[in-house]
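*Asks:* Just passing along the structure, written as structure tokens.
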Amino acid sequence: MRKLVLTVLLSVTLLIPFKPALAQDTGPVYVVQPGDSLYSIAARFSISLDDLLAANGIADPNSLAAGQQLIIPGLDGVSGILDTKFINFGDSYRGLMRQTQVPDALFRKLNHVVSPSEFYVGTNMIVPLQDQTQYSKRVSPATGESMLELAVKNNTDVWSLNSINQLDGSWAALPGDTLYAPGESSENNASGLPSAFISAEIRDLPIKQGGTGVITVTAQPGVKLGGLLVDHQLQFFPSQGGTLVALQGVHALLEPGVYPLRLDATLPDGSTQSYEQLILIVSGNYPEDPLLYVDPATIDPASTEPESQQLISLTTPATPTKYWVGDFISPAIAYAESTYFTSRYGNRRTYIGQGTELSVQGFHTGLDFGGGDGLPITAPASGIVIFAGPLTVRGNATVIDHGWGVYSGFWHQSAMQVEVGQSVNLGDVIGLVGGTGRVTGAHLHWELWVNGVQVDPLDWLNQPYP
């Protein structure tokens, strides 16, 4: 009888259909950012690609779009939306913990942070948007100011300041420390910077090789600003709303990594304040161009070095007047090839001297537009012509000063139609496409310099500067 019961139970069990494990339908949600891939997202959260695909019911790992929401499996104890935040100038590890109220252990788990010293400007951090309140109002105790005085000044109480900022007591806050308080943020919030600076921000993080850093600072009245990005001195100019702006190019051959970013302030009484933080520079992912066979004279250092030094001397001064207004436009806008690029900025190149063993390695310093001899070249923005003449490598060349340390160069022209000292407006014809200098065919080469460094002109066509 017992044997019969076991047989019946086994038979019933075999009749029950097998159900595969269902894809996970709960868990924290990550919003896909531009440049993300399923592979990079899986690596970022230390999960397998297969688990990520299964949790989201994705069959094709190449199907992904910015803004798409993905469930991240395997993150026990984490829920809600996983936001992303680029660390900006003045941000600190401790400050972010206070602002977001995210527990230290959870933040480290999500971002694989080993040490707060890894907190570089331009680093993209994961911040879970949890149920608790996040704070935007920054406050900072002045020298000799008590926590009670700080609390009263900001319409709160000492207990709230201690709790929000995870302080052991009212004695634990240091002068100049960035704290957070209940209430709305304002322009005069403490920024984590010395008192001379009200706020400072770097746009378009992370900065890539060949990119342009846009540093915007609001300073106390009468403060003069300077600074350093990588190895170039920053030049600040007055902009809208009382802010000061510096534009700085990053070299296309600069090794990706972390570099110094420093702000210097000279106060009206002659005293100085400085603040330095490391900034992350990422790869521009530039490809290799095919070998280029050219006239040996155009890669001979005897010709190239003096010409390069001449261009550096032309593009180093930073004119305090900003001549351009609004966006830059394509200098090839007048003909159909205005969006046909025969070579992009930053491409790695090797030039071979025809009939010789002479070779030179470098990168493409501008943006090449297709087009034949005689097509019109127009000014991408207003400015003053500071050079117009023949060069060995660049052929018939024109350089326009747009102000604030920004210059355009136009090489290989068949004819130049402007003179030194001439003012040009956006869209004015300045020359004609040609094939002079170091070329393999007629085309327009547009080069853009920002505070002494050649940058990607395409960036300036895609967004307004500053």
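*Asks:* Near residue 386, within a Cβ-to-Cβ distance under 12 Å, what is the net charge of the other residues, with Lys and Arg +1 and Asp and Glu -1?
*Replies:* Around residue 386, the surrounding residues sum to -2.
*Asks:* While we're here: Separation between the residue 108 and residue 342 pseudo-spin-labels, each 7 Å from Cα along Cα→Cβ, expressed in nm?
*Replies:* Those two pseudo-labels are separated by 5.7 nm.
*Asks:* What are the ³J(HN,Hα) couplings of the range 455-465, residue after residue, when phi is run through the Karplus curve with 6.51, -1.76, 1.60 and θ = phi - 60°? Round to Hz, x for glycine and proline.
*Replies:* Coupling constants for the range 455-465: 10, 6, x, 4, 4, 6, 7, 8, 7, x, 10 Hz.
*Asks:* Note down the net charge around residue 215, summing +1 for each Lys or Arg and -1 for each Asp or Glu among other residues with Cβ under 10 Å from its Cβ.
*Replies:* 0
*Asks:* OK, next. Roll a 1.4 Å probe over the protein heavy atoms and report the accessible area of residue 340 in Å², nearest 10.
*Replies:* 130
*Asks:* Continuing with the same structure: Give the cross-link partners of residue 153 among the aspartates and glutamates, using a straight C-alpha distance below 15 Å as the criterion and excluding same-chain residues fewer than 8 apart.
*Replies:* Qualifying aspartates and glutamates at Cα under 15 Å: 145, 184.
*Asks:* What is the calculated FRET efficiency for residue 415 to residue 239, with r their C-beta to C-beta distance and R₀ = 22 Å, to the nearest 0.05? Each step should come with its number before you reach the end.
*Replies:* Working: r = 37 Å, r/R0 = 1.69.
Efficiency at R0 = 22 Å is approximately 0.05.
*Asks:* Leaving ligands, DNA and RNA out of it, work out the accessible area of residue 292 with a 1.4 Å probe and give it in Å² to the nearest 10.
*Replies:* Estimated to the nearest 10 Å², residue 292 gives 40 Å².
*Asks:* If I take R0 = 56 Å and measure r between the Cβ atoms of residue 291 and residue 148 in this structure, what FRET efficiency does the formula 1/(1 + (r/R0)^6) give, to the nearest 0.05?
*Replies:* Working: r = 72 Å, r/R0 = 1.29.
For residue 291 and residue 148, the calculated efficiency is 0.20.
*Asks:* Calculate, in nm to one decimal, what residue 334 and residue 358 gain on full extension: separation in residues at 0.36 nm each, minus their alpha carbon distance.
*Replies:* 4.8 nm
*Asks:* Within 10 Å, count the other beta carbons around each residue, average over each peptide in 56-65, 210-219, and list them highest first.
*Replies:* 210-219, 56-65
*Asks:* Excluding ligands and nucleic acids, what accessible area in Å² is computed for residue 423 using a 1.4 Å probe, to the nearest 10?
*Replies:* Estimated to the nearest 10 Å², residue 423 gives 80 Å².
*Asks:* Would you calculate the separation in nanometres between label points at residue 231 and residue 170, each defined as 7 Å from the Cα along the Cα-to-beta-carbon direction?
*Replies:* Output for this residue pair reads 5.2 nm.
*Asks:* Please state the charge dipole magnitude for the chain, taken about the Cα centre, from unit charges on C-beta atoms (+1 on K and R, -1 on D and E), reported in debye and rounded to the nearest 20.
*Replies:* Charge dipole, the chain, about its Cα centre: 1160 debye, nearest 20.
*Asks:* Could you order 136, 160 by accessible surface area, starting with the largest, using a probe radius of 1.4 Å?
*Replies:* Solvent-accessible surface, decreasing: 136, 160.
*Asks:* Could you pull out the pairs from 224/322; 85/208; 85/137; 137/224 whose alpha carbons sit more than 24 Å apart here? Provide the component values of the computation, followed by the final result.
*Replies:* Details: 224/322 19 Å; 85/208 17 Å; 85/137 17 Å; 137/224 26 Å.
Checking Cα-Cα distances, 137/224 exceed 24 Å.
*Asks:* A further question on this structure: From the gyration tensor of the Cα coordinates in the range 329-379, what semi-axes in whole Å does the equivalent ellipsoid have, largest first, with each one equal to sqrt(5λ)?
*Replies:* Values: eigenvalues 153, 35, 13 Å².
After diagonalising the Cα gyration tensor, the semi-axes are 28, 13, 8 Å.
*Asks:* Just the number please: accessible area per residue for the range 281-387, 1.4 Å probe, all protein chains included, in Å².
*Replies:* 48
*Asks:* Right, next: How far apart, in nanometres, would the label points at residue 266 and residue 40 be if each is projected 7 angstrom from Cα along the Cα-to-Cβ direction?
*Replies:* The modelled label-to-label distance comes out at 4.2 nm.
*Asks:* Something else now. What does the C-alpha gyration tensor say about the overall shape of the chain? Classify as rounded when a/c is under 1.5, otherwise prolate if a/b is larger than b/c, or oblate.
*Replies:* Details: a/c = 2.83, a/b = 1.35, b/c = 2.10.
Here the chain falls in the oblate category.
*Asks:* Ignoring ligands, DNA and RNA, what percent of the accessible area of the chain is carbon or sulfur (1.4 Å)?
*Replies:* So the carbon and sulfur contribution to the accessible surface is 54 percent.
*Asks:* Further, regarding this structure: Starting from the Cα-Cα distance between residue 423 and residue 84, subtract it from 0.36 nm times their residue separation and give me the gain in nm to one decimal. Each step should come with its number before you reach the end.
*Replies:* Values: separation 339, 0.36 × 339 = 122.04 nm, distance 4.46 nm.
Once the chain is fully extended between residue 423 and residue 84, it gains 117.6 nm.
The values are calculated or read from the model by the stated rules, or taken from the named source; none is laboratory data. Please read these numbers as outputs of a predicted model, since none were measured by experiment. A quick note on method: Cβ atoms are made from the backbone with ideal geometry, for glycine too, and the neighbour counts reach across all protein chains shown. Ligands, DNA and RNA are stripped out before the accessible areas are found, and what is left, the full protein with its side chains, is counted by its heavy atoms. Shrake-Rupley method; radii C 1.70, N 1.55, O 1.52, S 1.80 Å.
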